1. Along the Cα→Cβ direction, 7 angstrom out, place labels at residue 276 and residue 187. What is the inter-label distance in nm?
2. For 222, 95, 411, 230, what ranking results if the residue with the fewest other Cβ atoms within 10 Å of its Cβ goes first?
3. Sort out for me the Cα centre separation of the stretch 180-247 from the stretch 133-155, rounded to whole Å.
4. Using the per-residue mean of other Cβ atoms lying within 10 Å as a proxy for protection, in what order, highest first, do the peptides 68-75, 172-179, 152-159 fall?
5. Using the Kirkwood radius built from alpha carbon pairs, what does the Stokes-Einstein equation give as D for the stretch 76-301 at 10 °C and 1.306 mPa s, in µm² per second?
6. What GluC sites (Glu not before Pro) in the stretch 211-265 are in a loop by DSSP, with at most 11 other Cβ atoms within 10 Å of the Cβ?
7. Which shape class, rounded, prolate or oblate, goes with the stretch 200-316 when its Cα gyration tensor gives a ≥ b ≥ c as root eigenvalues, a/c under 1.5 marks rounded, and past that a/b bigger than b/c marks prolate?
8. Sort 252, 132 by Cβ crowding within 10 Å, fewest neighbours at the top.
Amino acid sequence: MKRFRLIVSAVTLLTLVQAACGGGIPTTEVPLTEIPATLPPPTKVIPTEIVIPTDASTPTATTIDLAGPPMVVGSKFTYIDGSILVAVPGGEFTMGYGGFDNPEHKVTLSDFWIYRNEVTNRQYAACVAAGICSSPSLEDNKIYSDPYRANDPVVGISWDQAQAYCSWVNGRLPTEAEWEKTARGPDGNIFPWGNGGPACDLLNYDYCLGETSNVVKYPDGMSYYEALNMAGNVFEWVGDWYKANYYGEAPIEDPLGPEIGDRRSVRSSGFQSGADDSIAARRYSTKPVDHRPDLGFRCVVEDPTYFAPFCSSVVAYGLDANGDPISGSEVGENCPNISVTFGPYCGPNYSPITTLTIGANPPDTPLTTTVPASCSGGPELYTCVPPGGSVNVSADCEVPPVGDPSCPPGMTLEGEKCAGTGYSGQCLPGTTYDTVNQCCTSIGGTDATYDICPVGTYYADPPGVCVPYPASGFTTHSSSVKFDSCNRPGNYGCTLSQGSCTGNTPIFCASLCSCISRTQNCP
């Protein structure tokens, strides 16, 4: 089994303070034609840029089936940006649910392919890096550059920004009818998974998490066509202008929405939405220039083979060729058990001091430690005085990927890379078509700029493979230290007999486990 090392950190926040001796946010009813009010965005920020990894390896060409994926329920195809497309065959379905702006009626649609997941932070960052997309609102999307949240849906995106991304991948935003058919199936399910009510294991809603989540987190809530997060997590832009009575005048085949308007339609629901707001037929709307911390999008693609594949691709662990999790593919961790312990005692003039003992199991584990300027000693035992601060300890972890590596459709494993002959097609900006191998390579000579991992995995470098999240391997130790002011009896771990002091206002010196008078100093 392939094993690799991933640097991870165990961060011990140890607040050394000297002590003297001694919600829920209410919801608001809003019209159905507007998106319900959102929560304040999550506050966690990790100031790390998302980097599209590079690799200059050149693969050996192989052949593939040029027929393309079949347009049948359950068919999937790995797309150019790492997304999984799911097939939605044409035909009639039940649209609407009896609301004032969504009366029930029959609609017939043509075949289409739609993203199984919302577009992620990492995918959108690739479009920004290519110079096509503009950055999202970082006020709405505070985790946009957090590498461990790269598979959360991108939010803080206006309608034009969403459409620009879909155009970049030769797609478009879905129509309301396409979105609703994907969510409800041909029989008009109330919710994507069926007619049973919502629960926190089916979708991210009603403050179950209180923030966005990984786009592959809720497989039990998938729709009839195997699309994920068609309810909960984030609302989604669709292509139509919004008009409350449009269903009464819309064509019964491939409706595209009104020709003009001042608000764009929005579907799905968000991480703070209640059960009623998560009904798949609900319609919402907002101005096309708006952006929110709970509003994202997914794309529709009419021709999944429009793009030629990259000449090489990174291998992925934990997923099959269609991007589905492999049973038992959870990534294990073999990280050292880092320990930080403290022991307070009285210093000269009864000043509070603490000792820090840092270790790991196994004991010979190399550790990297930083301590406040108020601490001295080390590398295992430190003496610290107020005001204290933070102690940070890091170590190498073994993170073995489980299972065998996989490649996208049409590619085969060639050492550390996936390779294939490919087929004729367009290439993304920054790449050019290799007529010999029938694949896309970068203008600079490699296709490395677009080594994109399948959605649901992240790029681990070294050694340059995609692994499922979580596989970060870091643990957090939190301790709060409180010092006595050293002017009263205490035992500090000494025996009761040693702690029983007599005499003139005795104090206790833990460093020697002895009793002395207040007129004396601790040794």
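Nothing in this text is a laboratory measurement; each read-out follows from the coordinates by a stated rule. Just so it is clear, the structure is predicted and the values come from calculations on it, not from any experiment. Here the Cβ is made from the backbone with ideal geometry for all residues, glycine too, and neighbour counts use every protein chain on show.
1. About 2.7 nm, to one decimal.
2. Values: 222 18, 95 23, 411 26, 230 32.
Exposure proxy ranking, most exposed first: 222, 95, 411, 230.
3. 21
4. Working: 68-75: 13.8, 172-179: 23.4, 152-159: 26.1.
Going from most to least packed, we get 152-159, 172-179, 68-75.
5. On the way: Rh = 17.1 Å.
Calculated translational D: 93 µm²/s.
6. Values: sites: 211, 226, 236, 249, 253, 259; in loops: 211, 226, 249, 259.
Sites meeting the loop and neighbour criteria: 249, 259.
7. Values: a/c = 1.82, a/b = 1.13, b/c = 1.61.
Oblate is the answer for the stretch 200-316, as a/c is 1.5 or above yet b/c matches or exceeds a/b.
8. With the fewest neighbours first, 252, 132 line up as 252, 132.
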